[in-house]
Amino acid sequence: MRIGIACYPTHGGSGVVASELGLELIKRGHEVHVISYALPFRLQGFYENLYYHEIDVGNYPLFKYPPFTLAAACKMIEIADAKGLDVLHVHYAVPWAVCAHLAREVVAESCGKLKIVTTLHGTDITLVGAEPSFFKMTKFGIERSDAVTAVSNYLAGETKKTFGVNRQIDIVYNSVDHRRFVPTPARCCRKHFAPHGEKLLIHVSNFRPVKNVQDVVRAFALVRKQLPARLLMIGDGPEQPGARALAQELGVERDVLFLGNQDAVEDLLPCGDLFLLPSKYESFGLAALEAMSCGVPVIATEIGGLGEVVTPGEDGWLCHVGDYECMADRAVHVLRDEKKLAEMRLAARHKADTKFSPDIIVPQYENIYRRVMEVGPI
Ligand code: GMT
């Protein structure tokens, strides 16, 4: 198949899922055309049969606000026509689903067969898309797609509830490349981060308010009181300065290392003993899954789709949002119990390797592509 993938290129879950999917699809013999406004960070390098097409919004002096949505639709039209796309798979409803609809209306004249698959990732439904000014447009994009997928049962339910849509939504979980995200602590130079054998806690996110990063620091400070430990904070975003200030206020700044955005988190995750994810909302929690694939159990919040990823007591624990004391308690218990920690490490890796393997997940997308293509031209 010739598949177009439109996504955000930045350090965010939807762009990662879209990029990893593109890489898996070319391994399976498909031709992939990625459409974005910058090369997604997980697609650096050359890949046969994967092509990147940049959206150029131009800078015509008349435009106070360059029309990004139109520019994206124009790029979709150009690529659909030139490459004969069978399917355009857009990641994140806003604005991609609407751009794709517009593109399909235009290419119907020339090729008439472009099918749209929209994957909902989370904040496109719960925050951005549900915002009153975007609500009707997001609903329209969802309703006009040939297929809609959601990354968890939870998100599919929220979408139906929030937008009152009654259509089929396929659940396709996030996947992780278990050949790249592997439990090999030697790879990440643990001694550098924990020179005196301290336990290592890790958090990875885009430091947006929804990630509740202050609770990572609060939970860590409690753990730190009970045992020697250090915390790696990976990623960057608006809440990073606040987290730094809190680390200082709680007197743990020497043991909290802010590493900023890292393109190769798979080189750092295997160092961790536990992964902390205290999000206020999380439709799935790809960062948690990537940690699990590296053999790192997850202590997260009992929210959104995280219960579909983490099994409490087996490969992690779930606490109520805001209950950082619970997170710290769970962490201290397991960090003091080497046998339990080793069991949880194995269970985390095993789940990532089986339930969330690309070999299980990617064929689900391929089946959806075939299904929409079988319906024929609109
Ligand atoms: O908010 C983010 O973490 C980024 C966001 C995105 O769309 O880029 O991530 C969402 O999509 C990921 C991939 O499907 C999910 O694993 C994350 O749970 C989801 N984030 C939220 O729901 C907050």
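The values are calculated or read from the model by the stated rules, or taken from the named source; none is laboratory data. Predicted model, so just to flag it, every value in this text is computed and none were measured. Glycine also receives a Cβ, built like all others from the backbone with ideal geometry; neighbour counts cover every protein chain displayed. We work out accessible area using only protein heavy atoms, side chains counted, and drop any ligands, DNA or RNA first. Shrake-Rupley method; radii C 1.70, N 1.55, O 1.52, S 1.80 Å.
From the alpha carbon centroid of region 229-266 to that of region 16-61 is 30 Å. The Cα-based radius of gyration of region 171-261, divided by its Kirkwood radius, gives an Rg/Rh of 1.01.
Per-residue surface analysis assigns Asp81 an accessible area of about 80 Å², computed on protein heavy atoms at 1.4 Å probe radius.
A convex hull fitted around the alpha carbon atoms of region 185-355 yields 98 Å³ per residue. For region 158-202, pairs of C-alpha atoms spaced more than 13 angstrom apart make up 73 percent of the total. Most tightly packed first, judged by the mean number of other beta-carbon atoms within 10 Å of their residues, the peptides 9-18, 55-64 read 9-18, 55-64.
Placing unit charges on each Cβ (+1 for Lys and Arg, -1 for Asp and Glu) gives the chain a dipole about its Cα centre, and among Ala352, Leu50, Gly122 the Cα reaching farthest toward its positive end belongs to Ala352. Computed with a 1.4 Å probe over protein heavy atoms only, the accessible surface of region 185-355 comes to 40 Å² per residue. Compute the Cα gyration tensor for region 1-52, then decide on rounded, prolate or oblate, letting a ≥ b ≥ c be the square roots of its eigenvalues: rounded whenever a/c is under 1.5, prolate when a/b is larger than b/c in the other cases, and oblate in all that remain. Prolate, because a/c is 1.5 or more and a/b exceeds b/c.
Heavy-atom accessible area, probed at 1.4 angstrom with all protein chains present, ranks Arg254, Arg28 as Arg254, Arg28, highest first. The convex hull around the C-alpha trace of region 67-132, projected and averaged over every direction, spans 4.4 square nanometres. Computed with a 1.4 Å probe over protein heavy atoms only, the accessible area of Arg167 comes to about 50 Å². Derived value for the chain: Kirkwood hydrodynamic radius 21.4 Å. Basis is the mean of 1/r over every pair of different alpha-carbon atoms.
Counting only protein chain heavy atoms and rolling a 1.4 Å probe, the accessible areas of Trp96, Trp317 rank, largest first, as Trp317, Trp96. Other residues within the sphere of radius under 11 Å centred on the Cβ of Cys188, judged by their own Cβ, net out at +1 (K and R +1, D and E -1). One Cα centroid belongs to region 355-370, the other to region 94-130; the line between them spans 20 Å. When Arg179, Arg370, Arg104 are compared by accessible surface with a 1.4 Å probe, the order from highest to lowest is Arg179, Arg370, Arg104.
Surface composition of region 113-227: carbon plus sulfur atoms contribute 55% of the solvent-accessible area (1.4 Å probe, protein chains only, all chains present).
The local environment of Cys319, defined by Cβ-Cβ distances under 10 Å, has a net charge of -4 under the rule Lys, Arg +1 and Asp, Glu -1.
Computed over neighbours whose Cβ is under 13 Å from that of Ile368, the net charge equals -2, Lys and Arg +1, Asp and Glu -1. Summarising the amide proton neighbourhood of Phe258: residues at separation of 5 or more, or on other chains, whose placed amide H is nearer than 5 Å comprise Met233.
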